[in-house]
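A short write-up of the structure that comes next.
The values are calculated or read from the model by the stated rules, or taken from the named source; none is laboratory data. The shown structure was predicted, so the numbers you read here are calculated from the model rather than taken from an experiment. All Cβ positions, glycine included, derive from the backbone under ideal geometry; neighbour counts span all protein chains shown.
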Amino acid sequence: MRGVTDEVSGAGARMHDLVRRMYPICRSITGSGVRQTLDIIGEHLPLQRVEVPSGTQAHDWTVSDEWNVADAYIADKDGRRLVDFREHNLHLVGYSVPVRATMTLAELRPHLHTHEAHPDWIPYRTTYYHRDWGFCLSQRQLDALGEGPFEVVVDTTLQPGSLSYAELLVPGEVEDELLLSAHICHPSMANDNLSGIAVSVELAQALLRRQDRRLSYRFLFSPGTIGSIVWLSEHAVGLPNIRHGLVLTGLGGPGPLVYKRTRHGRRPIDRAAAHVVSRLDGDVRDYSPYGYDERQFNAIGFDLPVGRLSRTPHGEYPEYHTSADDLDFVRAEQLADSLGALLRILEAVEHDAVYRNLSPYGEPQLGRRKLYPTMGGRAASDEVMAMLWTLAYSDGSTSLLDIAERGEVDFTQLRAAATKLADADLLERVEL
Amino acid sequence: MRGVTDEVSGAGARMHDLVRRMYPICRSITGSGVRQTLDIIGEHLPLQRVEVPSGTQAHDWTVSDEWNVADAYIADKDGRRLVDFREHNLHLVGYSVPVRATMTLAELRPHLHTHEAHPDWIPYRTTYYHRDWGFCLSQRQLDALGEGPFEVVVDTTLQPGSLSYAELLVPGEVEDELLLSAHICHPSMANDNLSGIAVSVELAQALLRRQDRRLSYRFLFSPGTIGSIVWLSEHAVGLPNIRHGLVLTGLGGPGPLVYKRTRHGRRPIDRAAAHVVSRLDGDVRDYSPYGYDERQFNAIGFDLPVGRLSRTPHGEYPEYHTSADDLDFVRAEQLADSLGALLRILEAVEHDAVYRNLSPYGEPQLGRRKLYPTMGGRAASDEVMAMLWTLAYSDGSTSLLDIAERGEVDFTQLRAAATKLADADLLERVEL
Amino acid sequence: MRGVTDEVSGAGARMHDLVRRMYPICRSITGSGVRQTLDIIGEHLPLQRVEVPSGTQAHDWTVSDEWNVADAYIADKDGRRLVDFREHNLHLVGYSVPVRATMTLAELRPHLHTHEAHPDWIPYRTTYYHRDWGFCLSQRQLDALGEGPFEVVVDTTLQPGSLSYAELLVPGEVEDELLLSAHICHPSMANDNLSGIAVSVELAQALLRRQDRRLSYRFLFSPGTIGSIVWLSEHAVGLPNIRHGLVLTGLGGPGPLVYKRTRHGRRPIDRAAAHVVSRLDGDVRDYSPYGYDERQFNAIGFDLPVGRLSRTPHGEYPEYHTSADDLDFVRAEQLADSLGALLRILEAVEHDAVYRNLSPYGEPQLGRRKLYPTMGGRAASDEVMAMLWTLAYSDGSTSLLDIAERGEVDFTQLRAAATKLADADLLERVEL
C-alpha cells in the first residue's frame, strides 16, 4: 500500500467488516444506537466513555433530551406497513416526536420527504432542534401510496437522558497531541460516517502496537456539532496540547482523496497532508466554514489546527445523505487506500526534522561510501535524488517537509535518505 | 440590476438619452463644445465650473490657446462639399490651424487620414501640441475624391481663451473623498467618453439622493491629460483627502467589465473593484502607464489611489477612435450594467467593516435564533453560508472585504449577514 | 540577433568550427585530451592554466590518478577489430583499467553497454571512482559479435599525474565578478559540452573587445564535479567576489532555451535570466540538486549565486550521452541564438540601474521634447511605452529590471528609454 504495506494489509477487509456490523444500527445525536456503536468500537479499543446529561450547557448550546425509537410506520387501512422504520432507519426523520394518528395523504404529505433526482433512494433528514416529525421515502413509494387514510405511528421517546461520546488517548513521548475525530451520529449510512469510525479504529490499533510514538494521539468518537462542542467545553484545560488534528469522514467511497485545510491554512498538519494528498493525485482545498466538526475545532475561540481528510466530500457525490450510501458504496480497497494516506500524513507530522549537512563544501563523494552508483553516465535513481535533495537543503534550518515541498520529493524517501546520510556521518539532526 | 435594482431601474434609458443629446457637439480640449457639454451636465448636477486662461502653467504643461471651429470642408471645383465637418465632426483633425487654399490631391494627400482596416469608418486624429491641420475621411471617400483641384477650407480659430472644466463635491460624514473622473474632450464618439459622463451624472444624482453617505464623493469632468493636470495643479491642498478613485470611461460598449488597478495595486479601491468585477465575470488587470487620466492621478508625484473602470478598453475594440463609436454601439443595458457594478464597488469601499464574533466558542446555535433551517440534512443556502463565513473569520481584525476575497463570497451578502448577526447580538462592529 | 546583431554575426559559424575542431579528442576528467582541448581554447584566449597533482585533497574529494588511452578494441580470432576505440572514443568506458585477455562472449558480456532505445547509438559510460573496465557499443554491433572467443585489449594507463583546468579573468571597473563555467571532461559529444566551451570562448572574446565593462568576468574551463570542487577549494579567498554566475552547457542543440535558477532562487542573475529567457519563449525552472557544476557552486558551504543556461537539458533529449550528440546535432544558428540570449542576460545584470523621475507631477510633456508623436489618436509605439513605464515607476528605488518584470517590457528597450529620458533631464540615475 504505497510504502506502508505492512500496516494496512488486511486492514481493508477488517474495516469493511466493522462498517458492516455497525451499519444496521439507528444512530442519532443521542440514544441507545450511539451507545451500541460505542460498545462495538470498545471491543477493539480501550475507550473512555462519557455520558453528558440532557440540559447540560456547553458554550452557546444545550444538550438535548435523549431520543429513542421503538417503532415507526405508515400503514394502510389493512394494517400493511407501506413505509417502515424497521426496513430502513432513514425512513424516520431523526428526532421525530411521537405521533399516533389516522391521516389522509393530503394531511400526511407535508411530513413526507423524497429525493428529487433519484426516485429509488430514501433521503436523510433530521429535526434535532425543532419539535417536528416526518418520514423519508423513495419517490416510487410515495407515488404508490394512494390517498389513504393511513395509520401513522411514530413510537419514539424524547426525554431527559444523556449524550454519549468516547475518547481514547494513545500516549507518546511528548504531551503534544494529534486529535483524530469521527462523528457517530448518522444512522444507516456507510460512508458518512461508518468509514471514518472504521479507519479511526484501525489507525488507533496500529498506533497502540507501535513502540516509538513521539506524539500522543487522541481519538474522539462523538455526535456531530453538539458532541464536539460538549467535548470542547469539557476539555478547555487540555486544548493547548492539541498541536495537530484531523476530522475523518467519508473515507470509504470512490473518488480521490480530499484534504481540507485548517482555517489558518499553513499549520504543520496542512503542509503534511497537502504534501501526501497531492502526491497521491488527491485534491487540497482551503477552509470553508461548512462541513463537519472542523467547523467547531477551528472556531475563533478555539482555533485548533484541525484539517479534514475525506475522499469525495459531502454534497459532491449523489449518494450523500441517502440510502444509496450503503455497504456497496464503501469498499475495502478505498478504506485501505485512505488509511495508507493517513499513515503517511502522520509520518510526515511526527517525523519532520531539521538536519545539518556535515560536508557542505560541494557534494560529498557518495560513491566511496557506497551511496552512489559506480558506473557514471546514466540518470540518477529516486533514492539518489532523495539524498541529493537532503544534502542540498539541510542547512540547519530547513526541514525535511520543507524540502519535500520545494523539490516535490516524497517525504518517506527523504526520511530514508536522511537516515542513511546520518548513518554515514554526512548529516546531523538539529534540535530546534 | 444584480442587487441594486432600485437605483438603476430606468437609469439605462436616461443615460442613453443623455449620451444622445451630447453626441452631436464638437468637443476638444478647449472651446465652446466643452462649455456646451458642461451646460448640459449642469442641468442635472449643481456643478462648480472653472475656466483656466490659456498660457497658465500647470506642472510641466501650459494651457493651450483655445480652439474653435466655424466650418471646414474639402469641395470640388463646383463647390460641392466632398468632405464636410458639418456632416461629422471627426472629419476635421482636432486643433487644425486655419487653411484656405486650392490644392491637387497630391498636395492634399499628406493631410488626409483614413482607417486601414475599415473602409467606411472615419478615424479620429488630433494635433493639440503641434501646429498642423488635416482631414479624416473614410477610405471610400478618399477613393472617390478624384485628382482635384479642391477647395480646402479650415475655418478655425486658435487664440488665447481658456480651458473649461467642472467639478462637484457630494459631501459625506467624513472628509475622505472618492474621486470619480470622466474626460470631456472627445468629439462625436459615444462610448469614449459620453458613456463615462452619463454614468457619472446618473451616479452623482443617486448619491445626492442618499441620506447616509459616509464618504464624500468628488466628480471631475475635465479634458483629458491637460485638464486633469491643471486640476491636480490647482488642488494640491486637498489631494490628501482623496482616499479612493476611479476613472470612468468606455462604459456603454459591449464586452465584459474591465477594472485596471492603481499603480500601487493593492489599495482598497483595487480590492473592492477586483472583488465586484471578477464576480461579474469581468476582467481585472494590473496598472500600465498608458490609457486615460489614471496616468496623471497615479504619477509618482501624486500617487493617488485611482483605478479605472470600463468595459472593453481603448484599442481593444475596432470601433475605438472612429465614427463607428456611435449611438448604436452604446446601449442602455450596458450603461445600466456598468452603473450597477459601480454602485457595488462603492458599496464595498464605503461599507467595508471589521466585526468581532461574540460567540466564538464553536458555532453559535443559529437555529434557536431563527437564522438556520430547522430541517437538517440538506445543503446550506447562500444566505446561511454568508453568516457562517462572517462568524468564522470575524476575529476583530479581518474585514468583510477580507472575508469576501478569501471565501469568494459576495460582499453584499456578507454585509447583509453581518447586519443580521449584529442584530442577534452575535457580532459587534470594531472601530479600528 | 534580437538586439545584439553586431556581436553575434558570424559567431555561429565560428563557434561551430571550434566545436568541430575539438570534437575528435578523447577527453576525460584528467589526461592529455583535456590538455589538448585547453591548448585549442588557449589559441583564442589568454588562459591561465593549472595542473593539480593526483592525490591532492579538495574538500571531501581527492584528485584521481591520471588516465590516458593508447588503444582499445575487441577483435575476432582473425584480428579484425569489431569494436574499436579509434573509430569512436565512446566505445571505451571512461577510466577503464588495462586489460589484455581472450574471452568468450559470456565472459565479456558483463563489460558491454548498449543503448536500450536506439540500436544504432553508442552510449557514454564512465567508471571514475571504481576500478573497472568496459566497452560501449551499438546494439547492432552487439548482435553481430558472435560467441567469440575475442581478443580484448584496453591499453590505458592510470597513474599519478595531474588534473588540468584553466581560467581567464576579464577585469572590469569593479571587483565584483560574474563567473562563467563550462565543463571540459566529455569525450566526443558536441552539445555536451563542446557547445558550452565554444559559447564561452566567443563570449570571452566579445567581452575582451569591450571598453566599458563594469563587472569583472571570470571564465572557468574545468572537468565536471572534481574540477569545480578543486577550483573552489583553491579559490576560497576570492569566492566572495563572485556576485553572479552561470554554468554554460548544452547550448548548441535544438529546443528552447532553459534557465535553471540558483538554489536561492531570487538572485539578480535569476531575475535577469528569467526575464530574458521567458521573453525568448524559453523555460525557467527552479533549482534541483542534479545536473552539472551548479551542484558544487550552490552547495551550502559556498552558496554561490550560479544558475545554469542551456537549451533542452541533459536527459530530456534522446541524443544525450550518446554518439548521436554529434556535429549534426549542434547547429550554428542555435549556438548563435544561445550567445545572443547570454549577452542579453549579461546586459541586464551589468546595466540594471535605479533612476528618479525629475518631473513626477503627472506625465512630462514628451511632445515638446520630440519624444512623443505629434499626431494624437493612435496607439503608442513600443519605444513610447518603454519611456512611459520608466517614468511611471522610476521613484528612486525601483530598478529597470524591476520595471521590466512588472510591465513585461524588454530590458534593452527600458535601458534605451532611460538613456533618452536622462538626456532630456527627465530622469536622473540614483546611486544606491
Query raised in the report: How about region B:76-102: which of its residues are under 30 Å from B:P160 (Cα atoms) and assigned to a strand (DSSP E or B)?
Result: B:V83, B:D84, B:L92, B:G94, B:S96, B:V99, B:R100, B:A101, B:T102
Query raised in the report: Restricting the first residue to region A:114-131 and requiring it to be closer than 20 Å to A:N89 by Cβ and at the interface with chain B (Cβ under 7 Å from one of its Cβ atoms), which pairs with a second residue that is of a type in the set (F, W, Y) and crowded, with 19+ Cβ neighbours inside 10 Å meet a Cβ separation below 8 Å and a spacing of at least six or different chains?
Result: A:T126/A:Y95; A:T127/A:Y95; A:Y128/A:Y95
Query raised in the report: Does region C:223-251 hold any residues that are among the β-branched types (V, I, T) and part of a loop (DSSP other than H, G, I, E, B), and which are they?
Result: C:T225, C:V237, C:T249
Query raised in the report: Hey, any hits in region C:245-265 for a residue that's among the hydrophobic types (A, V, I, L, M, F, W, C) and without any contact (Cβ under 8 Å) to a residue 24 or more places away in the chain?
Result: no
Query raised in the report: Within region C:221-246, how many residues turn out to be away from every other protein chain (no Cβ under 14 Å) and of a type outside the set (G, A, S)?
Result: 8
Report task. May I ask you to list the residues in region C:98-111 that are within 14 Å of chain A (Cβ to nearest Cβ) and surrounded by 15 or more Cβ atoms within 10 Å (Cβ to Cβ)? Result -> C:H111
Report task. Determine whether C:Y290 is within 14 Å of chain A (Cβ to nearest Cβ) and not in a helix (DSSP H, G or I). Result -> yes
Report task. Starting from residues that are more than 8 Å from every other protein chain (Cβ to nearest Cβ) and out of contact with any Phe, Trp or Tyr (no Cβ under 6 Å at 6 or more places or on another chain), keep the ones in region C:402-412 and report whichever is surrounded by the most Cβ atoms within 10 Å (Cβ to Cβ). Result -> C:F411
Report summary line: Exception for B:T157 within (1) within 25 Å of B:A348 (Cβ to Cβ); (2) surrounded by fewer than 23 Cβ atoms within 10 Å (Cβ to Cβ) falls at (1)
Query raised in the report: Would region A:32-43 turn up any residue that is outside any helix (DSSP H, G or I) and either under 27 Å from A:G227 (Cα atoms) or free of Cβ contacts under 8 Å to residues at least 60 places away in the same chain (or both)?
Result: no
Query raised in the report: Across region B:387-401, what is the number of residues that are more than 8 Å from chain A (Cβ to nearest Cβ) and either out of contact with any helix residue (DSSP H, G or I) (no Cβ under 8 Å at 6 or more places or on another chain) or more than 16 Å from A:G291 (Cβ to Cβ) (or both)?
Result: 7
Query raised in the report: Can we say A:R49 is surrounded by fewer than 22 Cβ atoms within 10 Å (Cβ to Cβ) and either charged (D, E, K, R) or not assigned by TED's automatic domain parsing to the domain that holds A:H91 (or both)?
Result: yes
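A quick yes/no check of all residues on (1) charged (D, E, K, R); (2) more than 19 Å from A:D192 (Cα to Cα):
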{"residue": "A:P98", "(1), (2)": "no, yes"}
{"residue": "A:T102", "(1), (2)": "no, yes"}
{"residue": "A:L105", "(1), (2)": "no, yes"}
{"residue": "A:R109", "(1), (2)": "yes, yes"}
{"residue": "A:A117", "(1), (2)": "no, yes"}
{"residue": "A:T126", "(1), (2)": "no, no"}
Query raised in the report: Going by the structure shown, is A:G42 at positive phi and not aromatic (F, W, Y)?
Result: no
Query raised in the report: Among the listed residues A:L358, A:L346, which satisfies the condition of being within 14 Å of chain C (Cβ to nearest Cβ) and in contact (Cβ under 8 Å) with a residue 24 or more places away in the chain?
Result: A:L358
Report summary line: In region C:371-381, anything outside any strand (DSSP E or B) and facing chain B (nearest Cβ under 10 Å) is listed as C:Y372, C:P373, C:T374, C:M375, C:G377, C:R378, C:A379, C:A380
Query raised in the report: Can you name the residue in region C:7-21 that is at pLDDT below 95 and assigned to a helix (DSSP H, G or I) and, of all such residues, is surrounded by the most Cβ atoms within 10 Å (Cβ to Cβ)?
Result: C:V8
Query raised in the report: Out of all the residues in region B:295-325, which are at the interface with chain C (Cβ under 9 Å from one of its Cβ atoms), buried (at least 24 other Cβ atoms within 10 Å of the Cβ) and either of a type in the set (A, V, I, L, M, F, W, C) or not in a loop (DSSP other than H, G, I, E, B) (or both)?
Result: B:R295, B:Q296, B:F297, B:A299
Query raised in the report: Across region B:148-165, what is the total count of residues that are more than 21 Å from B:I184 (Cα to Cα), modelled with pLDDT of 95 or more and of a type outside the set (A, V, I, L, M, F, W, C)?
Result: 3
Report summary line: Of C:L90, C:L18, the only residue that is under 19 Å from C:A190 (Cβ atoms), more than 18 Å from the chain's Cα centre (by Cα) and of a type in the set (A, V, I, L, M, F, W, C) is C:L90
Report task. Name every residue in region C:266-290 that is polar (S, T, N, Q) and either surrounded by fewer than 16 Cβ atoms within 10 Å (Cβ to Cβ) or touching a residue at least 40 places away in the same chain (Cβ under 8 Å) (or both), in order of residue number. Result -> C:S278
